[in-house]
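> Right, I'll just put the structure down here and ask away after.
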Number of protein chains: 2
Amino acid sequence: MTTLLLKLGGSVITDKDEPETVDEDALEAAAASLGAVDFDRLVVVHGGGSFGHHHASAHGVSRTDGSTDAGAVRDIHGAMCELNDAVVDALADEGVPAVPVHPFSAAYRSDDGHLVHPTTQLAAMLDQGWVPVLHGDVVTHDDAGATILSGDEIIVALAGNLGASRIGLCSTVPGVLDDDGDVVPEITAYEEVADALGESESTDVTGGMAAKVETLLALDSDSYIFGPGDLDAFLAGEAAGTHVRT
Amino acid sequence: MTTLLLKLGGSVITDKDEPETVDEDALEAAAASLGAVDFDRLVVVHGGGSFGHHHASAHGVSRTDGSTDAGAVRDIHGAMCELNDAVVDALADEGVPAVPVHPFSAAYRSDDGHLVHPTTQLAAMLDQGWVPVLHGDVVTHDDAGATILSGDEIIVALAGNLGASRIGLCSTVPGVLDDDGDVVPEITAYEEVADALGESESTDVTGGMAAKVETLLALDSDSYIFGPGDLDAFLAGEAAGTHVRT
């Protein structure tokens, strides 16, 4: 039994520079890849792209700076649910048994920032053959109101409890790039790429590549960072982008 | 610190005989009542009315008969989320710091039908001063696909862990009626009203008044069953409809 965790970056499925705009072609292509593959168990987590980030910036909400304004929660969460609807619909159109899961409804952060995301309900969904589709979201943060919960954080929270076999982070770059702009095929320690990792472009309140690599190195499962062109390879269990070996 | 749990029946806020139709006047009136009252902690749970029940019937899904079809989940859940959006928006318009919570994202049922609904994330929301607004929904049911989760069941699942002070079930009838059609002011045991309780009208996959009374008698908190005309009284801590004393 293989359990795949796939993060679809917000930059892949939205036009990150245009507020609340789905990149229909890219989303359909990703959905077609998922619809064409046989899998045992699959969880999809997508990022916010142009849906969540602009609202988060407007309300001054980040992973560490919270807001107690229920209106901020409704705005950011509502935009993310709209994107989630689009992703679930696209997957359903390709025959994927996708069901929507909204992290704000289930998760919370303790006052030290530790994320608690229940997974028993997700395991029950996987047992039915469904594909839970989660998303970057706001999350209730003890003593801080709501803070941003990134898709990467969700992957980390789920990986251990769901027994992930392979984790894929599909973003708009083909992998972690070295100083010459070439994809680093394998990373086993952060120091190997610390000098080469640059800053994320556009408004991204949830951290860029450096945070991604550090996050993945902390897991028990092997991960792959790749671009949309390698999605089929990842799903087929082949080499894809940068292999983060743990 | 008073914690109120309020169920707004689907029949109160929708036209139960017209598919997916909000009763705007009734919803606005209920929202205005909530907006006008000072409360410490408040959780709102609403039923499905004409949004959930028709979809549930069409897919043959009930509290005990499940479906493994992800499309059934998406249809029923999607309709309920649409109603939830309307309720949250109406409350927000009246200044209530409402935030949406979708039970399918958090809860599951074990194969013996026992419901597990986490409450720590809800307690964290209440600590921020927010009003979580939950809804009747589908829920993943081990070995059965998805079954219906009624608003009444959610109330039961939350009451103990959230330390409910008072529970209110606002439906379209003014309380539990005796054989003469008069409101029974107080119930302390099911036998007192067993003869008088009739069947629910319209399509209602989640049980009628008999199930409601049995459910409330099983709780540690006192409950009130009342019509929309008594909502202000309930919120003010006054007598409202039928008092189910436990």
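> If you scan the stretch A:100-115, which residues turn out to be on the phi < 0 side of the Ramachandran plot and either touching a strand residue (DSSP E or B) at 6+ places or on another chain (Cβ under 6 Å) or more than 7 Å from chain B (Cβ to nearest Cβ) (or both)?
A:Pro100, A:Val101, A:Pro103, A:Phe104, A:Ala107, A:Tyr108, A:Arg109, A:Ser110, A:Asp111, A:Asp112, A:His114, A:Leu115
> To continue, here is another question. For the stretch B:117-138, which positions are charged (D, E, K, R) and either facing chain A (nearest Cβ under 8 Å) or assigned to a helix (DSSP H, G or I) (or both)?
Correct list: B:Asp127 only.
> Within the stretch A:1-116, which strands (runs of 3 or more DSSP E) (wholly inside it) include 1 or more residues that are charged (D, E, K, R) and modelled with pLDDT of 95 or more?
A:3-8, A:41-46
> For the condition of a type in the set (Asp, Glu), farther than 30 Å from B:His59 by Cβ and touching a residue at least 40 places away in the same chain (Cβ under 8 Å), what is the one hit in B:Asp137, B:Asp230? Write out each step before concluding.
Values: B:Asp137 fails: farther than 30 Å from B:His59 by Cβ.
Matching residue, one of B:Asp137, B:Asp230: B:Asp230.
> What single numbered condition from (1) buried (at least 20 other Cβ atoms within 10 Å of the Cβ); (2) part of a helix (DSSP H, G or I); (3) modelled with pLDDT of 95 or more fails to hold for B:Tyr224?
Going through the list (1) buried (at least 20 other Cβ atoms within 10 Å of the Cβ); (2) part of a helix (DSSP H, G or I); (3) modelled with pLDDT of 95 or more, B:Tyr224 breaks only (2).
Residue-by-condition table, conditions (1) surrounded by fewer than 15 Cβ atoms within 10 Å (Cβ to Cβ); (2) within 18 Å of B:Val12 (Cα to Cα); (3) under 19 Å from the mean Cα position of the chain (by Cα):
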{"position": "B:Arg166", "(1), (2), (3)": "no, no, yes"}
{"position": "B:Ser171", "(1), (2), (3)": "no, yes, yes"}
{"position": "B:Gly175", "(1), (2), (3)": "no, yes, yes"}
{"position": "B:Asp180", "(1), (2), (3)": "yes, no, no"}
{"position": "B:Gly229", "(1), (2), (3)": "yes, yes, yes"}
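> Could you check A:Gly113 against (1) buried (at least 20 other Cβ atoms within 10 Å of the Cβ); (2) among the small types (Gly, Ala, Ser); (3) more than 18 Å from the chain's Cα centre (by Cα) and say which number it fails?
It fails just one condition, (1).
> Is at least one residue of the stretch B:141-153 at negative phi, surrounded by fewer than 21 Cβ atoms within 10 Å (Cβ to Cβ), among the small types (Gly, Ala, Ser) and facing chain A (nearest Cβ under 10 Å)? Write out each step before concluding.
First, pick out the residues of the stretch B:141-153 that are at negative phi: B:141-142, B:144, B:146-153.
If we keep only those that are surrounded by fewer than 21 Cβ atoms within 10 Å (Cβ to Cβ) too, we end up with B:142, B:144.
Filter once more, keeping what is among the small types (Gly, Ala, Ser): B:144.
If we keep only those that are facing chain A (nearest Cβ under 10 Å) as well, we get B:144.
Among the residues of the stretch B:141-153, at least one is at negative phi, surrounded by fewer than 21 Cβ atoms within 10 Å (Cβ to Cβ), among the small types (Gly, Ala, Ser) and facing chain A (nearest Cβ under 10 Å), which makes the answer yes.
> If you take the residues in the stretch B:57-98 that are out of contact with any strand residue (DSSP E or B) (no Cβ under 6 Å at 6 or more places or on another chain), within 13 Å of another protein chain (Cβ to nearest Cβ) and not charged (D, E, K, R), which one is nearest to B:Thr147 (Cα to Cα)? Give the steps one after another, and end with the answer.
Taking the stretch B:57-98 as the starting set, the residues that turn out to be out of contact with any strand residue (DSSP E or B) (no Cβ under 6 Å at 6 or more places or on another chain) are B:57-58, B:60, B:64-65, B:69, B:71-72, B:74-75, B:78-79, B:81-83, B:85, B:89-90, B:93-95.
So of that shortlist, the ones also within 13 Å of another protein chain (Cβ to nearest Cβ) come out as B:69, B:71-72, B:74-75, B:78-79, B:81-82, B:85, B:89-90, B:93-95.
Filter once more, keeping what is not charged (D, E, K, R): B:71-72, B:78-79, B:81, B:90, B:95.
Details: B:Gly71: 13, B:Ala72: 10, B:Gly78: 15, B:Ala79: 15, B:Cys81: 16, B:Ala90: 28, B:Gly95: 34 Å.
Filtering the stretch B:57-98 for residues that are out of contact with any strand residue (DSSP E or B) (no Cβ under 6 Å at 6 or more places or on another chain), within 13 Å of another protein chain (Cβ to nearest Cβ) and not charged (D, E, K, R), the one nearest to B:Thr147 (Cα to Cα) comes out as B:Ala72.
> Separate question: Six or more apart or on different chains, Cβ atoms under 8 Å: show the pairs whose first residue is in the stretch A:39-53 and at positive phi and whose second is assigned to a helix (DSSP H, G or I).
What qualifies is A:Gly49/A:Gly10; A:Gly49/A:Ser11; A:Gly49/A:Val12; A:Gly49/A:Ile13; A:Gly49/A:Leu83.
> Loosely packed, with under 15 Cβ neighbours inside 10 Å and among the polar types (S, T, N, Q): which single residue out of B:Thr64, B:Thr3 fits that description?
One residue alone meets the criteria, B:Thr64.
> Please go through the stretch B:140-161 and pick out each residue that is touching a residue at least 60 places away in the same chain (Cβ under 8 Å), under 18 Å from the mean Cα position of the chain (by Cα) and in a loop (DSSP other than H, G, I, E, B).
B:Ser150, B:Gly160
The values are calculated or read from the model by the stated rules, or taken from the named source; none is laboratory data. Everything quoted here is computed from the prediction, not taken from an experiment. Note that each Cβ is placed from the backbone with ideal geometry, even for glycine, and that neighbours are counted across all protein chains shown.
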